[in-house]
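Here the structure is laid out as structure tokens; the discussion comes afterwards.
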Amino acid sequence: MLKRKIEKTLESWKKRDGHKPLVVKGCRQCGKTYSVLHFARHNYENVVYLNFVEQPELAQAFSGSLTVDNIVLNLSPLLPGSSFTAGKTCIIFDEVQECPAARSSFKFFHLDGRFDVIATGSLLGVKGYGLSDTSRQSIPVGYETIVEMYSLDFEEFLWAMGIGENVIEKVGECLKELTPVPEAIHNRFRDLLRQYTIVGGMPAVVEQFVNDKNLNEVLAMQRDIVDEYKDDIIKYAPVPLRSKIRQCFESIPRQLSKENKKFQYSLLASGAKSSQYADCLQWIEDAGIIIRCYNMNIPQLPLDGNAIDSVFKVYMADSGLFVSMLGDGTQADILAGKLLTYKGAIVENLVAEIFHKMSRKLYYYRKDSGLEVDFVIRYKSHATLVEVKSGSGNTKSTRTILNHPEKYGVMNAIKLGDYNIGNTNGMVTLPSYLAFMLREM
């Protein structure tokens, strides 16, 4: 079984007095159902499981009165053998987006207080999912707690690969003291980061890799997931937007191949405009498939206050899936270090994913003059420039900004790359695998 951070979130939720129904949202196949069921079966005497995709007939239990007594009465014959015992039962609503009325019932479950409720949803909130305006208005504002779950982050991948907490803590101490990571650990983590880049964090894919190390099987599974995403577009997106949504999704590798990685609608079709595709891109983002990284007017705090909403880069939320969208042989090229210009896009996507799974909103800085920094983060209470280098790379833009504090107001920078912890001409250099430890925001 894979150890997931969502377990602590679920434990904290259950211990909280008067906790509300919990909604766990996230992209398809990130492990929501497995984690929720595992938690419930280990913490409750009774677990009542409803899957609105596999058993759509369950929705009829919510077609009338949404009082808890009425719902339990309606569910009992539909779920033979289920036991509803006050204070000892957890009801799981899987794929709750398929039954809006079930989500509306959360208000009544919370006010009633006899049963704990956990829901999961893969496409919650995507525009045009098919919910009526009335159904959208019935979302129980104030009567639910929402948490987002991602595919495995790099630390969870380390756990899956057998790396102990003591080793991770040792690496964390090196970061805190800015001393080099011991060579044996350093080399092992470098290898693991390359593997994570290829495998990504989808639980089934990670388990396959952990058990067999068969990259061909990994690639096949990843491409199946990508195909399922495309199927979701066909099934659930608004009909007039489906082809455009797919164009946006399939353009991501081309968007990141450019020197200026700003998302350009012109790559989608001749004469394409943001007004034609903005909703399409938003649909993919709401589905948890992509991440946006916004350009800034100036790299200063507050980051969001200085962001430019209309200028952004787009990354895949799972680097393994991103690599699978590239040509055959890319996995082997990454492991062998053979990639040339495109390697930078892959490494940049990886760091974007790592930051995103830390619940960071992403920002970068680029001017028409060519001045560009890959990411700007809040770290140790300061705006901090982050350069991501696939090779030695130059840091001219970062040094220009640091050399003019009177203009930019920035005095901190980090360079992430394939090297150990150090300091180069006043700039902190870190191995890319340490990105997940830059936690302080």
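At a glance:
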{"read-out": "Computed helical MRE - 222 nm, the chain, DSSP H runs ≥ 4 contributing -39500 (n - 2.57), nearest 500", "value": "-12000 deg cm²/dmol"}
{"read-out": "Stokes-Einstein translational diffusion, the range 135-195 - Kirkwood Rh over all Cα pairs, 1.002 mPa s, 20 °C, in µm²/s", "value": "147 µm²/s"}
{"read-out": "Scattering curve values for the chain, log₁₀ I(q)/I(0), Debye with Cα scatterers, q = 0.12, 0.13, 0.14 Å⁻¹", "value": "-1.09, -1.23, -1.36"}
{"read-out": "Estimated distance in nm for a label pair at Asp418 and Trp159, the labels positioned 7 Å out from Cα along Cα-to-Cβ", "value": "3.0 nm"}
{"read-out": "Top of Leu267, Leu192, Leu123 by mean-square fluctuation, Gaussian network on the chain, Cα under 10 Å", "value": "Leu267"}
{"read-out": "Residues with amide H under 5 Å from that of Leu22, placed H, sequence gap 5 or more", "value": "Val117, Ile118, Ala119, Thr145"}
{"read-out": "Rounded if a/c under 1.5, otherwise prolate or oblate - the range 282-441, Cα gyration tensor axes", "value": "oblate"}
{"read-out": "Leading residue at positive end of dipole, the range 178-250 (Cβ point charges), from Leu241, Val199, Met221", "value": "Leu241"}
{"read-out": "Label-point gap, in nm, between Arg114 and Tyr342 - each point 7 angstrom along Cα→Cβ", "value": "5.9 nm"}
{"read-out": "Coordinate range along principal axes, alpha carbons of the range 22-157, Å, largest first", "value": "44, 38, 28"}
{"read-out": "Radius of gyration, Dmax [the range 370-412; alpha carbons; angstrom]", "value": "10.5, 31"}
{"read-out": "The chain - percent of accessible surface contributed by carbon and sulfur, probe 1.4 Å", "value": "48 percent"}
{"read-out": "Rounded accessible area of Ile163 (nearest 10 Å², 1.4 Å probe)", "value": "30 Å²"}
{"read-out": "Built amide H within the under 5 Å cut-off of Val311, gap 5+", "value": "Asn295"}
{"read-out": "Gain on full stretching of the segment that runs from Arg399 to Glu7 - 0.36 nm per residue minus C-alpha separation", "value": "136.9 nm"}
{"read-out": "Long pairs among Lys5/Lys170; Lys107/Lys313; Lys14/Lys107; Lys20/Lys170; Lys258/Lys338; Lys262/Lys343, criterion Cα-Cα beyond 29 Å", "value": "Lys107/Lys313; Lys20/Lys170"}
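The values are calculated or read from the model by the stated rules, or taken from the named source; none is laboratory data. Quick caveat, the model's predicted, so the values are computed rather than measured. Glycine also receives a Cβ, built like all others from the backbone with ideal geometry; neighbour counts cover every protein chain displayed. In case anyone asks, the SASA skips ligands and DNA or RNA and just uses the protein heavy atoms, side chains included. Shrake-Rupley method; radii C 1.70, N 1.55, O 1.52, S 1.80 Å.
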